[in-house]
Amino acid sequence: MLANLTSSERQNALILAGGVTLVGAVMAIMGRSDVLGVHGVIVMLFGGVVSWMVMASFYGPEPAEDRAASYYDDPIKVGIALAMAWAVFGMFMGVWVAAQLAWPDLAFDAAWSSFGRLRPTHTSGVIFGFGGNALIATSFHVVQRTSRARLAGQVSPWFVLLGFNLFCVLAISGYLLGVTQSKEYAEAEWYADLWLVIVWVTYFMLYIATIARRKEPHIYVANWYFMAFILVVAILHIVNNLAIPVSWGHAKSYTIWPGVQDAMVQWWYGHNAVAFFLTAGFLGMLYYYLPVRAQRPIFSYRLSILSFWGITFFYMWAGSHHLHYTALPHWVQTLGMTFSVMLLVPSWASAGNALLTLNGAWHRVRDDATLRFMMAAAVFYGLSTFEGSFMAIRPVNSLSHYTDWTVGHVHAGALGWVALITFGSLYTLVPSLWKREGMYSATLVEVHFWLAIAGTLIYVFAMWNSGIIQGLMWRTYTEEGSLAYSFLDSLVAMYPYYIARAFGGLLFLIGAVIGCYNMWMTVRAAPLAATRAADAPVLPAAVPGE
Amino acid sequence: MDFSYETLVAFSKSWGLFYMMGFFLCVCVYAFWPRNRKRFDRAKHSILERDDTPWQK
Amino acid sequence: MPELFHRKLERSAIGFVIAIIAAASVGGIVEIAPLFTIDETVEEAPDMRLYTPLELAGRNIYIREGCYACHSQMIRTLRDEVERYGPYSLAVESQYDRPMLWGSKRTGPDLARVGGKYSDFWHVAHLTNPRDVVPESNMPAYRWLARNALRTDDLPQHLAAQKALGVPYTDEMIENAARDAYGQATPDTEFASGVTERYGEATQVSAFDGVTTQVTEMDALVAYLQILGRLTDAAYRDTAATEQPPDPED
């Protein structure tokens with residue numbers, strides 16, 4: 001990996017890694033009487049391993065080729081590997097916590113393995129570990145190809161990728177140790193948050209500098225989505241995580257936002273993390289890999305622009321629909337509901353645009369499981385955005401809120417949309433990056449597709465059922481006018497669905513493991529693309545085994 | 001200057017709406033401006049062109 | 001010339017960045033900014049009391065163990081919720097809560113007003129193994145809480161940080177935070193009287209986990225659970241609720 005760096009760049013990399021090690025040492029000393037010390041040691045180890053890797057090939061030969069004449073793909077390859085590793089970890093944690101809800105003794109009486117500590121390892125593992133690494137890797141790929149320019153840095157892409165993974169490691173090890181801010185999807189504590197700001201600013205600078213290298217005045221729309229993802233996530237992250245630590249030696253901090261303000265800021269963040277992390281970034285993937293794989297231009301470029309601004313504008317208003325009927329002022333709830341419903345327009349415009357792009361290439365969707373991943377993703381995107389707008393309507397929300405319906409909705413989006421579009425994009429990207437004829441096994445892609453679809457459907461149907469039953473039981477009255485069911489009655493009714501949900505998740509996990517194996521074998525054993533100099537995906541006809 | 005809660009709410013409700021309408025007018029103008037048509041067409045076809053190297057100055 | 005060409009491209013990229021910020025920031029500003037003046041609309045609660053150091057430590061354990069993932073602390077303004085859990089939650093009740101723990105999911109019941117509904121003994125038994133008390137429960141067991149000694153030496157720093165953010169802890173409270181945490185869990189000692197002196201007569205001083213030889217994390221968590229919904233009577237005064245707040249003495 002270092003063969004592409006000049007000796008002065010290797011020096012810079014070593015200084016950076018050494019600096020991180022030093023910061024770790026300071027954290028370890030400052031926080032020696034707190035869990036912060038443990039994290040200091042983890043940072044030191046991380047910095048140390050990277051330093052060691054840089055030093056190991058420090059005196060290797062200088063890069064011979066003219067680097068400006070080729071794309072910078074090494075960080076992308078590592079990013080894909082990390083994304084898949086996190087996928088397996090995060091989904092395994094998901095299956096485990098799902099099983100704990102049905103069989104609570106699966107926590108084995110330890111502190112670190114109880115539901116409350118494991119749950120954020122699942123959410124952060126899949127959202128940030130899997131989703132984040134996939135976004136970084138694909139954004140590096142898309143920005144280079146659409147700008148026809150090499151990444152505007154040699155060390156900074158590694159800094160972004162590895163720095164982001166350090167954040168993930170700190171966040172997730174923290175939850176196991178009991179370090180959490182309790183803000184959903186922003187659980188990591190102040191020092192990890194500060195670190196992420198540094199990484200994220202670098203990411204933004206790198207991205208914009210690469211775009212500025214392009215020849216064409218127009219920026220391709222996929223980059224718009226990636227830029228919105230990078231920028232808005234930075235704003236959200238900083239505002240939501242403003243906090244003061246108990247001391248420099250404590251992992252614990254107190255947020256500056258109290259009570260109702262905190263609730264509004266948290267769900268402004270929480271909902272827009274969905275919007276800009278889990279939607280905008282992945283729409284960037286969709287707008288590049290779907291047309292490329294289908295070998296058809298996007299149906300309507302104008303529509304993609306209109307829906308881009310619609311999503312960027314509307315989403316920011318919608319967060320308060322998480323707080324219907326609470327102590328939040330009523331007008332804020334109403335605004336949130338209104339904009340959530342309006343959001344359906346740009347969301348369906350995107351989903352429709354994707355499906356209409358495929359119109360006329362349905363035979364390819366039938367034959368090519370990779371393209372089918374992306375088509376199914378667009379369908380699930382349409383379904384879950386409809387569901388989301390529906391659930392944001394106050395009376396519907398009065399039934400669905402606090403129940404498993406919300407969990408089902410999130411997973412319709414996360415499994416059906418985010419994960420499927422990612423797998424589709426990675427199956428397109430992996431053979432092209434490693435210059436293979438195609439994936440090692442088209443059959444395994446097919447198997448993965450059906451496992452993913454079956455897993456998602458089982459999961460979502462189980463949660464719809466349990467959520468609606470739960471919501472109805474809570475509000476059912478007897479003829480005498482008293483509540484018909486105790487809370488416990490509603491819990492007992494949930495058990496069969498909790499088991500079904502864990503099974504659905506397990507299928508999805510198995511699919512991801514098969515995907516890892518297939519990608520690994522593609523890199524190891526698939527035949528090289530013979531004379532194909534072109535950097536385009538293989539047409540389905542050329543995929544062996546079909 | 002001290003803003004009361006009511007003023008802020010009224011301001012948010014009215015100007016937020018105008019801002020949104022103005023913004024969307026601009027976006028529509030941009031998307032449907034005839035001169036931009038060629039640029040968009042080139043963009044949507046450009047990603048399908050096969051290339052393996054960055055452009056060189 | 002290529003230099004100029006390049007700068008123009010950069011300008012268009014930066015203009016684009018500004019457009020994204022202009023589009024994305026307005027929604028948040030409109031909804032969040034007015035909340036800074038919310039004091040004008042929040043209910044009055046002159047009787048609002050502060051979390052004692054032990055309760056604050058318990059609250060941090062509640063956060064640490066992720067209890068908020070399954071229990072909400074926000075009773076909505078719906079008939080069935082008010083009948084099941086008590087008067088609906090008011091904004092003022094969480095005015096000192098950093099972070100708020102309203103929650104988003106009820107795998108278990110709402111806890112906004114659980115304080116005083118069960119005895120300390122019930123809570124300890126339930127946390128030790130929920131299925132001993134509620135056979136159908138799927139809540140994890142938290143046996144180790146009763147074994148872990150509570151860290152109290154840094155409580156003054158915790159209170160000072162809260163004070164810096166605007167929670168009205170006095171210097172005396174900060175200074176005595178560690179003593180008070182110990183005192184609240186050891187009734188009939190010299191330390192106990194200071195707690196009621198500083199935090200009010202209504203403060204529950206009790207050997208929460210039944211053992212007074214050391215203050216454990218179990219003590220802190222139960223102390224916190226017992227104060228939930230009882231920092232102020234505002235909800236019983238300002239909503240249509242007819243009930244009275246639960247009293248553990250009953």
Does A:R117 qualify as being closer than 30 Å to A:A107 by Cβ and either charged (D, E, K, R) or out of contact with any helix residue (DSSP H, G or I) (no Cβ under 7 Å at 6 or more places or on another chain) (or both)? yes
Condition first: more than 17 Å from C:S72 (Cα to Cα), hydrophobic (A, V, I, L, M, F, W, C) and either free of Cβ contacts under 8 Å to residues at least 40 places away in the same chain or within 7 Å of another protein chain (Cβ to nearest Cβ) (or both). Now tell me which residues in the range C:102-140 satisfy that. C:W122, C:A125, C:V133, C:V134
Condition broken by A:T279, with the remaining ones in (1) surrounded by 24 or more Cβ atoms within 10 Å (Cβ to Cβ); (2) part of a helix (DSSP H, G or I); (3) at the interface with another protein chain (Cβ under 9 Å from one of its Cβ atoms) satisfied: (3)
Might you check whether a residue that is facing chain A (nearest Cβ under 7 Å), under 21 Å from A:Q470 (Cα atoms) and surrounded by 18 or more Cβ atoms within 10 Å (Cβ to Cβ) occurs anywhere in the range C:94-101? no
Of everything in the range A:294-314 that's without any contact (Cβ under 8 Å) to a residue 60 or more places away in the chain and within 7 Å of another protein chain (Cβ to nearest Cβ), which residue is surrounded by the most Cβ atoms within 10 Å (Cβ to Cβ)? A:F313
Do we have C:S72 as buried (at least 20 other Cβ atoms within 10 Å of the Cβ), facing chain A (nearest Cβ under 8 Å) and over 26 Å from C:Y169 (Cβ atoms) here? yes
For the range C:199-215, does any single residue satisfy the condition of being out of contact with any Asp or Glu (no Cβ under 8 Å at 6 or more places or on another chain), outside any loop (DSSP other than H, G, I, E, B), of a type outside the set (D, E) and surrounded by 15 or more Cβ atoms within 10 Å (Cβ to Cβ)? no
From the residues in the range A:233-248 that are assigned to a helix (DSSP H, G or I) and at the interface with chain C (Cβ under 8 Å from one of its Cβ atoms), which one is surrounded by the fewest Cβ atoms within 10 Å (Cβ to Cβ)? A:V239
Filter the range A:41-54 for residues that are surrounded by 20 or more Cβ atoms within 10 Å (Cβ to Cβ) and under 26 Å from the mean Cα position of the chain (by Cα) and give the result. A:V43, A:F46, A:G47, A:V50
Those residues that are in contact (Cβ under 8 Å) with a residue 24 or more places away in the chain and part of a helix (DSSP H, G or I), I need them from the range A:58-80; list them, please. A:R67, A:A68, A:D74, A:P75, A:I76, A:K77, A:V78, A:G79, A:I80
The range C:141-159: number of residues that are facing another protein chain (nearest Cβ under 8 Å) and either under 20 Å from the mean Cα position of the chain (by Cα) or at positive phi (or both): 4
Log entry, pairs with first residue in the range A:204-224 being farther than 11 Å from A:R148 by Cα and more than 10 Å from chain C (Cβ to nearest Cβ), second being surrounded by 20 or more Cβ atoms within 10 Å (Cβ to Cβ) and of a type in the set (F, W, Y), beta carbons closer than 7 Å, six or more apart or on different chains, reads A:V221/A:Y287; A:V221/A:Y301; A:V221/A:F308; A:A222/A:Y287; A:A222/A:Y288
The listed residue being within 12 Å of another protein chain (Cβ to nearest Cβ) and either touching a Ser or Thr at 6+ places or on another chain (Cβ under 7 Å) or in a helix (DSSP H, G or I) (or both), out of A:L118, A:L135: A:L118
Being within 7 Å of another protein chain (Cβ to nearest Cβ), assigned to a helix (DSSP H, G or I) and not charged (D, E, K, R): is that true of B:G16 here? yes
Say whether the condition of being free of Cβ contacts under 8 Å to residues at least 12 places away in the same chain, surrounded by 19 or more Cβ atoms within 10 Å (Cβ to Cβ) and either within 7 Å of another protein chain (Cβ to nearest Cβ) or in contact with a Pro (Cβ under 8 Å, 6 or more places away or on another chain) (or both) is met by at least one residue in the range C:36-54. no
For C:E65, are the conditions met, namely being of a type in the set (D, E), assigned by TED's automatic domain parsing to the domain that holds C:P168 and closer than 28 Å to A:A171 by Cβ? yes
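Okay, residues lined up against (1) touching a residue at least 60 places away in the same chain (Cβ under 8 Å); (2) crowded, with 17+ Cβ neighbours inside 10 Å; (3) out of contact with any strand residue (DSSP E or B) (no Cβ under 6 Å at 6 or more places or on another chain):
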{"site": "A:I453", "(1), (2), (3)": "yes, yes, yes"}
{"site": "A:F461", "(1), (2), (3)": "no, no, yes"}
{"site": "A:S466", "(1), (2), (3)": "yes, yes, yes"}
{"site": "A:I469", "(1), (2), (3)": "no, yes, yes"}
{"site": "A:E480", "(1), (2), (3)": "no, no, yes"}
{"site": "A:Y485", "(1), (2), (3)": "no, yes, yes"}
{"site": "A:A493", "(1), (2), (3)": "no, no, yes"}
{"site": "A:I499", "(1), (2), (3)": "yes, no, yes"}
Odd one out for A:A251 among (1) modelled with pLDDT of 95 or more; (2) assigned to a helix (DSSP H, G or I): (2)
Take the conditions surrounded by fewer than 20 Cβ atoms within 10 Å (Cβ to Cβ) and under 22 Å from the mean Cα position of the chain (by Cα) and apply them to A:V95. Does it pass? no
Out of all the residues in the range B:35-48, which are closer than 21 Å to A:N353 by Cβ and outside any helix (DSSP H, G or I)? B:I47, B:L48
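The values are calculated or read from the model by the stated rules, or taken from the named source; none is laboratory data. Note that this is a predicted model, so its numbers are computed, not measured. So basically every Cβ, Gly included, is an ideal-geometry build from the backbone, and we count neighbours across all protein chains shown.
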